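Enquirer: Provided herewith is a single structure, encoded as C-alpha cells, for subsequent inquiry.
The values are calculated or read from the model by the stated rules, or taken from the named source; none is laboratory data. Nothing here was measured: the structure is a model prediction, and the numbers come from that model. Positions of Cβ are backbone-derived with ideal geometry, glycine not excepted, and every protein chain shown enters the neighbour counts.
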C-alpha cells in the first residue's frame, strides 16, 4: 500500500470462477460464519490506496501501483460482489451477481473523451447488482467505496425512452404515483436522498402543477445515502440499507 510496509498478505482469490452468478446462485447460502467487517471485506490498505489515487491521479502513478490496486481493491471487490449479492438475492431472487470487471465491478478508469475533467481514474470503486437483461438500463443496487465513506443507492439512473414513458404514466396515476410519493417521503424522513437526471420543467403534455410534478422532472430515479466506513459488520450494514430501499426497486421493476 502507498506509504506502508512492503510486506503484505497475499490477496484473497475467488473460490469460484468469476463467471455470471445470477438467479442460479443459491440465495439461501450463508454469506459468512462471522461478521464481514470493512477490514475483512477490503484490506486495511484499500481506503488508503483510493485516497492516494485521488492525490496522484496520473497514469504513470497508477501503472506503478497497479498490483496494489488489484490486491487491495479489485480482488476483494469481486469477493464482496458475491458475498453481498447472495444476501440481495434473498430480497430479489433475480438480481444479477456478476463479479467480472465492468459488470458487477466497474472499471476504475474514467471515460474522459467528452469530459472537461481529464483525470484518468475515479477516486472510488463502484460495485453494481442489477435486475433485468441490460446491466446499464436496469434498476439495481450500487455501491461506491470511497477513502472515508461508502455510498449506497437503489434505483434507475437513466430510463430508456419506453421505460421513461411508463414511468411518467405511473407517476401521474393516483395509485402507483401515490405509492411512490409515500415511499420517497418515508425514505427522506430516514435520511436518504432522492436523485436522478432531472429536467428544469415538467415534460410537455403533463400538468406543471401536478401534485407529483417533482417526479415528472426525473429521467431516472434513485435513493441513496452516504455513510462513514463502519466498524462493525460491513455486509450487514449495506444489506440493512438496501433492504430499506428495496420497495423502490420493486416499484421500478413493475415498469420494466
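Enquirer: Kindly indicate whether residue 243 is exposed (fewer than 15 other Cβ atoms within 10 Å of the Cβ) and either touching a strand residue (DSSP E or B) at 6+ places or on another chain (Cβ under 8 Å) or closer than 15 Å to residue 143 by Cα (or both).
Expert: Working: exposed (fewer than 15 other Cβ atoms within 10 Å of the Cβ): yes; either touching a strand residue (DSSP E or B) at 6+ places or on another chain (Cβ under 8 Å) or closer than 15 Å to residue 143 by Cα (or both): yes.
Against the criterion (exposed (fewer than 15 other Cβ atoms within 10 Å of the Cβ) and either touching a strand residue (DSSP E or B) at 6+ places or on another chain (Cβ under 8 Å) or closer than 15 Å to residue 143 by Cα (or both)), residue 243 qualifies.
Enquirer: In the stretch 209-216, is there at least one residue being in contact (Cβ under 8 Å) with a residue 40 or more places away in the chain and under 28 Å from residue 41 (Cβ atoms)?
Expert: Within the stretch 209-216, the first condition is being in contact (Cβ under 8 Å) with a residue 40 or more places away in the chain, and the residues that meet it are 212, 215-216.
Cutting the leftovers down to under 28 Å from residue 41 (Cβ atoms) gives us none.
The answer is no; no qualifying residue exists.
Enquirer: Right, something else. If you go through the stretch 129-151 one residue at a time, how many are under 20 Å from residue 219 (Cα atoms) and within 16 Å of the chain's Cα centre (by Cα)?
Expert: Of all residues in the stretch 129-151, those under 20 Å from residue 219 (Cα atoms) come to 130-142.
Then keep just the ones that are within 16 Å of the chain's Cα centre (by Cα); that gives 130-132, 134-142.
Result for the stretch 129-151: 12.
Enquirer: Separate question: Is it the case that the stretch 88-97 has a residue that's touching a helix residue (DSSP H, G or I) at 6+ places or on another chain (Cβ under 9 Å), under 18 Å from residue 50 (Cα atoms) and surrounded by fewer than 19 Cβ atoms within 10 Å (Cβ to Cβ)?
Expert: no
Enquirer: Has the stretch 193-214 got any residue that is surrounded by 14 or more Cβ atoms within 10 Å (Cβ to Cβ), closer than 19 Å to residue 128 by Cα and modelled with pLDDT of 95 or more?
Expert: yes
Enquirer: Same structure, new question: Which condition breaks for residue 169 when tested against (1) over 22 Å from residue 78 (Cα atoms); (2) touching a residue at least 40 places away in the same chain (Cβ under 8 Å)?
Expert: (2)
Enquirer: Within the stretch 50-72, track down each residue that is at pLDDT 95 or above and either surrounded by 20 or more Cβ atoms within 10 Å (Cβ to Cβ) or within 19 Å of residue 148 (Cβ to Cβ) (or both).
Expert: Pass one, the stretch 50-72, residues at pLDDT 95 or above: 50-70.
Those that are at pLDDT 95 or above and either surrounded by 20 or more Cβ atoms within 10 Å (Cβ to Cβ) or within 19 Å of residue 148 (Cβ to Cβ) (or both): 50, 51, 52, 53, 54, 55, 56, 57, 68, 69.
Enquirer: One residue is enough: does the stretch 223-237 have a residue meeting the conditions crowded, with 19+ Cβ neighbours inside 10 Å, at pLDDT 95 or above and in contact with a helix residue (DSSP H, G or I) (Cβ under 9 Å, 6 or more places away or on another chain)?
Expert: Taking the stretch 223-237 first, the residues crowded, with 19+ Cβ neighbours inside 10 Å are 223-224, 233-235, 237.
Now drop any that are not at pLDDT 95 or above, which leaves 223-224.
From the residues that got through so far, the ones that are in contact with a helix residue (DSSP H, G or I) (Cβ under 9 Å, 6 or more places away or on another chain) too are 223-224.
Yes.
Enquirer: In the stretch 156-193, which residues are within 19 Å of residue 254 (Cα to Cα) and in contact with a strand residue (DSSP E or B) (Cβ under 7 Å, 6 or more places away or on another chain)?
Expert: Applying the first criterion (within 19 Å of residue 254 (Cα to Cα)) to the stretch 156-193 yields 156-184.
Those that are within 19 Å of residue 254 (Cα to Cα) and in contact with a strand residue (DSSP E or B) (Cβ under 7 Å, 6 or more places away or on another chain): 156, 157, 184.
Enquirer: How many residues does the stretch 53-70 contain that are farther than 15 Å from residue 99 by Cα, touching a residue at least 12 places away in the same chain (Cβ under 8 Å) and either within 19 Å of the chain's Cα centre (by Cα) or part of a helix (DSSP H, G or I) (or both)?
Expert: 6
Enquirer: Further question on the same structure: Free of Cβ contacts under 8 Å to residues at least 60 places away in the same chain and touching a helix residue (DSSP H, G or I) at 6+ places or on another chain (Cβ under 8 Å) - does that describe any residue in the stretch 146-155? Full working, then the answer.
Expert: Of the stretch 146-155, the ones free of Cβ contacts under 8 Å to residues at least 60 places away in the same chain are none.
No, the stretch 146-155 contains no residue that is free of Cβ contacts under 8 Å to residues at least 60 places away in the same chain and touching a helix residue (DSSP H, G or I) at 6+ places or on another chain (Cβ under 8 Å).
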